[in-house]
1. Looking at (1) open to solvent by 30 Å² or more (accessible area, probe 1.4 Å); (2) over 29 Å from residue 89 (Cβ atoms); (3) touching a residue at least 12 places away in the same chain (Cβ under 8 Å), which is the one condition that is false for residue 64?
2. Working carefully through the options 84, 93, 139, find the one that is among the hydrophobic types (A, V, I, L, M, F, W, C) and part of a loop (DSSP other than H, G, I, E, B).
3. Being among the polar types (S, T, N, Q) and over 15 Å from residue 143 (Cα atoms) is the filter; apply it to the range 67-99 and report the residue that is farthest from the chain's Cα centre (by Cα).
4. Residue pairs, Cβ under 6 Å, 6 or more apart or interchain, first in the range 106-131 and farther than 12 Å from residue 80 by Cα and of a type in the set (Ser, Thr, Tyr), second open to solvent by less than 80 Å² (accessible area, probe 1.4 Å) and part of a helix (DSSP H, G or I). List them.
5. Can you name the residue in the range 100-142 that is over 12 Å from the mean Cα position of the chain (by Cα) and among the hydrophobic types (A, V, I, L, M, F, W, C) and is also nearest to residue 78 (Cα to Cα) among such residues?
6. Given 114, 12, which one is open to solvent by less than 20 Å² (accessible area, probe 1.4 Å), closer than 24 Å to residue 144 by Cα, of a type outside the set (S, T, N, Q) and not in a loop (DSSP other than H, G, I, E, B)?
7. Kindly provide the set of residues from the range 28-58 that are in contact (Cβ under 8 Å) with a residue 40 or more places away in the chain and open to solvent by 40 Å² or more (accessible area, probe 1.4 Å), ordered by number.
8. So in the range 85-111, with the set limited to residues that are over 27 Å from residue 67 (Cβ atoms) and out of contact with any Leu (no Cβ under 7 Å at 6 or more places or on another chain), which one is surrounded by the fewest Cβ atoms within 10 Å (Cβ to Cβ)?
Amino acid sequence: GNICRSPTAEAVFRHYVQNAGLAGQIMIDSAGTIDFHAGKAPDLRAQRAAQRRGYDMSGLRGRQVEDGDFYRFDYVLAMDRDNLAFLQRLAPLDSETKMQLFLEYARNHTEREVPDPYYGGSDGFERVLDKVEDAAEGLLQHIQQKHLG
């Protein structure tokens, strides 16, 4: 739905990219695989958890992934295997974007799926942030080495 995990990842990664001085070189966006929350702000619990760590999600709004995303972005990263499978089916055959799980870039977490915190307590949003920060750091390092090095 693009109101919990993916906007959290977007906000964290955007923060890391800005701190690295690369905001003008890396395009970042998030989208959901369904349009249920299109146009809505991220979940307040996600926003509060992110705010406590210095990430601002207040300007983000949910949107659904679209065909153009598979041409616009070099990477389309999913939070879990179900969403990855959906994206792989949705992607146009001539798209060259790399599709994989976001946590493939994590260095300190062995899990490969970001758990959905929506139906749980606030501690779930903190666990999401722990995993997302790890993967965002790894992703930025990967991009710097592969594309900007």
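1. Residue 64 satisfies all of (1) open to solvent by 30 Å² or more (accessible area, probe 1.4 Å); (2) over 29 Å from residue 89 (Cβ atoms); (3) touching a residue at least 12 places away in the same chain (Cβ under 8 Å) except (2).
2. Working: 84 fails: part of a loop (DSSP other than H, G, I, E, B); 139 fails: part of a loop (DSSP other than H, G, I, E, B).
None of the other options fit; the residue is 93.
3. In this case the residue turns out to be 95.
4. So the pair list comes out as 122/45.
5. My answer is 106.
6. Working: 114 fails: not in a loop (DSSP other than H, G, I, E, B).
Result of the check over 114, 12: 12.
7. If the condition is that a residue be in contact (Cβ under 8 Å) with a residue 40 or more places away in the chain and open to solvent by 40 Å² or more (accessible area, probe 1.4 Å), then 29, 45, 48, 53, 56 are the ones that fit.
8. Our first condition is that a residue be over 27 Å from residue 67 (Cβ atoms); within the range 85-111, this holds for 106-111.
Still in the running and out of contact with any Leu (no Cβ under 7 Å at 6 or more places or on another chain): 106-108, 110.
Working: 106: 22, 107: 9, 108: 11, 110: 6.
Among them, the one singled out is 110.
The values are calculated or read from the model by the stated rules, or taken from the named source; none is laboratory data. None of these values were measured; they are calculated from a predicted model. Don't worry about glycine lacking a Cβ; one is built from the backbone with ideal geometry, like all the others, and counts go over all protein chains shown. The protein model used for the area step is the full one, side chains on, heavy atoms only, and it has no ligands, DNA or RNA in it. Shrake-Rupley method; radii C 1.70, N 1.55, O 1.52, S 1.80 Å.
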